[in-house]
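**Student:** The structure that follows is given in the form of structure tokens.
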Amino acid sequence: MEEADILRELGLTEAEAQVYLALLEIGSSTAGPVIKKTGLHKATTYQIFQRLAEKGLVSSIIEGKKRHFLPANPRRLLDILHMQEEKLQASLPSLEAMLQAGMGKQEVSVYTGTKGIRSVLDGMLHEVGDGGEYFDFGSPGLFREVMGAYFPAWQQVKRKKRITSYVIFNETLKSNREFFKEYCGKARFYPKEYSSITDTFIYKDSVALIIWTAKPPVAVVIKNRDNAEGYRNQFKLMWKKAEKA
């Protein structure tokens, strides 16, 4: 890579790089020899001297009645690089926040099979965190049937993490004592004529739709703040109208 290319990567313009390199070759000089070597206009050259001086790459002295320009030691370029790194480090948090905001606009992921479902449900509890909460409606009780021993184990994790769940179950489960011995959380019920084969979990900025009867079972996770808030509002309305345990 040529020296001019390196200078441009450090933020110098093409003309600034030309003038600085010309000064390095010539040494202390008036503007004339630099203008001759670079072919730049006189006014442009003086403007560039000023910009290079602001970057600490050029200084000047008066000898007799003429101004002489001196190039700074090229090691000054390392200082410029360090300053750029410091600025970048300071900007990283806001840049990363922009990335997360952009990613958060819409993410859709699909998981299949019981292992995929476990990944979704384990991830949900991790994201909700200790003392958190989630909401679930449309639950037909197939979670326990499809996932087997994972269901009570998952409920135990909820207890340990003090996670509160609000679930609206199909009323056919209301008399299932074995199910509610294992279930940890608050429960209400909707009429069996509104039965659903899909669990809709709402947590943080995500909605997870789990279709238990698919072969294999399928989970679709949509990460979108506005979408999750809309589902959460819908759940709150349903919760008010649902039958208490």
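**Student:** Specify which of the listed residues (Ser119, Ser94, Ser109) is closer than 16 Å to Ile222 by Cα, among the polar types (S, T, N, Q) and modelled with pLDDT under 95.
**Tutor:** Ser109
**Student:** Could you please find all residues in region 161-205 being basic (Lys, Arg) and more than 29 Å from the chain's Cα centre (by Cα)?
**Tutor:** Listed by number, the residues that qualify are Lys174, Arg177, Lys181, Lys186, Arg188, Lys192.
**Student:** Name the residues in region 195-245 that are closer than 17 Å to Glu133 by Cβ, charged (D, E, K, R) and assigned to a loop (DSSP other than H, G, I, E, B), would you?
**Tutor:** Lys204, Asp205
**Student:** A further question on this structure: For Phe151, state whether it is part of a helix (DSSP H, G or I) and either free of Cβ contacts under 8 Å to residues at least 60 places away in the same chain or surrounded by 17 or more Cβ atoms within 10 Å (Cβ to Cβ) (or both).
**Tutor:** yes
**Student:** Follow-up question, since we're still on this one. Among the residues of region 124-140, how many are surrounded by 19 or more Cβ atoms within 10 Å (Cβ to Cβ) and outside any helix (DSSP H, G or I)?
**Tutor:** The number of residues fulfilling the criteria is 6.
**Student:** Continuing with this model, one more query. Take the conditions in contact with a Gly (Cβ under 9 Å, 6 or more places away or on another chain) and either of a type outside the set (Val, Ile, Thr) or surrounded by 12 or more Cβ atoms within 10 Å (Cβ to Cβ) (or both) and apply them to Val167. Does it pass?
**Tutor:** yes
**Student:** In region 187-203, is there at least one residue being loosely packed, with under 15 Cβ neighbours inside 10 Å, among the β-branched types (Val, Ile, Thr) and touching a residue at least 40 places away in the same chain (Cβ under 8 Å)?
**Tutor:** Within region 187-203, one or more residues are loosely packed, with under 15 Cβ neighbours inside 10 Å, among the β-branched types (Val, Ile, Thr) and touching a residue at least 40 places away in the same chain (Cβ under 8 Å).
**Student:** Within the group Phe143, Phe169, Phe179, which residue is without any contact (Cβ under 8 Å) to a residue 40 or more places away in the chain and assigned to a helix (DSSP H, G or I)?
**Tutor:** Phe179
**Student:** Please indicate, with yes or no, whether at least one residue in region 101-123 is of a type in the set (Asp, Glu) and either free of Cβ contacts under 8 Å to residues at least 60 places away in the same chain or in a helix (DSSP H, G or I) (or both).
**Tutor:** Yes, because at least one residue in region 101-123 is of a type in the set (Asp, Glu) and either free of Cβ contacts under 8 Å to residues at least 60 places away in the same chain or in a helix (DSSP H, G or I) (or both).
The values are calculated or read from the model by the stated rules, or taken from the named source; none is laboratory data. Just so we're clear, the structure is a prediction, and the values are computed from it rather than from any experiment. Neighbour counts are summed over all protein chains in view; Cβ atoms, including those assigned to glycine, are modelled from backbone coordinates with ideal geometry.
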